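Accompanying notes for the structure given below.
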């Protein structure tokens, strides 16, 4: 035959809860003994000193970061200078200066493009001038007195000077 055992599924949880209650009671008794002996006050004083040291360290770090961030150059490069109240009053002027910078850049590029265009057009004018000189030379070669006399001889015509002198018409 089988032995009948008492099965309680909550037994483990109850045992853990009892162990925790006993551990809590031991801790409370230990703390009460420490309080009565004065050790707890020493621990509290040490904890307060540590907290004061941590506060002082944090304050020193904040002061250091404030000094670092208060440097004018650092503020300029980080852009934090724009957050100051006295700078906020001048936003309008800063905007006007930025617009003037932008306008000067636009005018600079506009003049550069016009200069490039002028250089291109001046080379074209120079080429046209050279071409006109060549055409004038060709015209002169074809229309000179000797060229005309020769072309008339080829055609069998004679060129003669008028008998009467030229009259100047005023």
Q: Would you point out which residue out of 159, 127 is assigned to a helix (DSSP H, G or I) and either free of Cβ contacts under 8 Å to residues at least 12 places away in the same chain or surrounded by 10 or more Cβ atoms within 10 Å (Cβ to Cβ) (or both)?
A: 127
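Residue-by-condition table, conditions (1) loosely packed, with under 10 Cβ neighbours inside 10 Å; (2) within 21 Å of the chain's Cα centre (by Cα):
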position	(1), (2)
54	no, no
60	no, no
65	no, no
71	no, no
86	yes, no
95	no, yes
107	no, no
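Readers should treat all values here as calculations from the given coordinates under stated rules, not as data from a laboratory. None of these values were measured; they are calculated from a predicted model. Glycine also receives a Cβ, built like all others from the backbone with ideal geometry; neighbour counts cover every protein chain displayed.
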